[in-house]
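For reference, the structure discussed in these notes is given below.
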Amino acid sequence: MEHAERQMQFLFRLRSKGVTNSAVLEAMEGIPRENFLDGLFQDRAYEDVALPIPSGQTISAPSVVGLMTQALDVTSRCKVLEVGTGSGYQAAVLSRLARRVYTVERHKSLARIAAQRLEALNITNAVVLHSDGTSGLVDQAPFDRIMVTAAAEDVPAPLLSQLRDGGALVMPVGHSDQVQTLIKVMKTSDGLEYKEFQDVRFVPLVEGLPTRLDI
């Protein structure tokens, strides 16, 4: 399939799943998803499915990436925290929309590879850090937007505390072994406002760093 035709079908599938924001579509069109996959999975890069990556993690389906990015409503003035770098694909998409992206990953090997992939695409406004994402990133807080790409039963309190007034957080909530719900939390002067989106399925958000040697 020709590149132009593949891209056209890719964008059509995104729109059919509800990704209609032109800036998000343009950002996703500009990031080659195959660069964030290995081996045989590269051939499936533009299917709308989640695919496995090392360390028992996954790269989300493109439509889920698009819907989460759209819900987060990132502008060019935003400083964004992503919890759960994984392959680095979501951070790459966010980098096209935000002023600055900080993305944290608890698996050292994933963080290292993601950083290399972003550098290869000359993405200079996204920083990958090996850290426990449930604690957020105190040194760079507050954030205008926070995205969590793993599921928890509740939004971690440290993340809410690091969200700027007027900011927003998007993440899946629910039991890790069941279907979760994608939610958006908006921090206002009157407190927190919640909005629910679609059902999703993500790997669980895990506190702490791996205890085994993670090369």
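None of the figures in this text is laboratory data; all of them are computed from the coordinates on show. Please read all numbers here as calculations on a predicted model, not as lab measurements. Positions of Cβ are backbone-derived with ideal geometry, glycine not excepted, and every protein chain shown enters the neighbour counts.
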Of all stretches in the chain that avoid trypsin sites (Lys or Arg not before Pro) placed in a DSSP loop and having at most 16 other Cβ atoms within 10 Å, the longest is 100-211
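Among 130, 175, what is the fewest-to-most ranking by other Cβ atoms within 10 Å?
Numbers: 130 17, 175 11.
Listed from fewest to most nearby Cβ atoms, that is 175, 130.
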Kindly work out what percent of the DSSP beta bridges joining two residues of the chain are antiparallel, to the nearest 5.
45
Could you tally the net charge around residue 42, taking each other residue with its Cβ under 12 Å from the Cβ of residue 42, Lys/Arg +1 and Asp/Glu -1?
-2
Filtered GluC sites (Glu not before Pro), segment 1-58: DSSP coil and at most 10 other beta carbons within 10 Å
2
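Please state the relative contact order of the chain as a whole percent: Cα pairs under 8 Å, 6+ residues apart? Write out the running numbers ahead of the final one.
Details: 433 pairs, mean separation 33.4, N = 215.
Across the chain, relative contact order equals 16 percent.
Between the DSSP loop rule and a limit of at most 10 other Cβ atoms within 10 Å, which GluC sites (Glu not before Pro) in segment 73-120 are left?
Working: sites: 82, 105, 119; in loops: none.
The qualifying sites: there are none.
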Would you order 76, 131, 95 from fewest to most other beta-carbon atoms within 10 Å of each residue's own beta-carbon?
76, 131, 95
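Rank the residues 104, 24 as a footprinting-exposure proxy: fewest other Cβ atoms within 10 Å of their Cβ go first.
On the way: 104 22, 24 25.
Ranked by crowding around the Cβ, least crowded first: 104, 24.
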For the chain, what is the calculated [θ] at 222 nm in deg cm²/dmol (nearest 500), taking -39500 (n - 2.57) for each run of four or more DSSP H residues and dividing by its residue count?
-8000 deg cm²/dmol
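Residue separation times 0.36 nm, minus the C-alpha to C-alpha distance between residue 108 and residue 139: what's the value? The partial results should precede the final answer.
Numbers: separation 31, 0.36 × 31 = 11.16 nm, distance 1.96 nm.
That works out to 9.2 nm of additional length.
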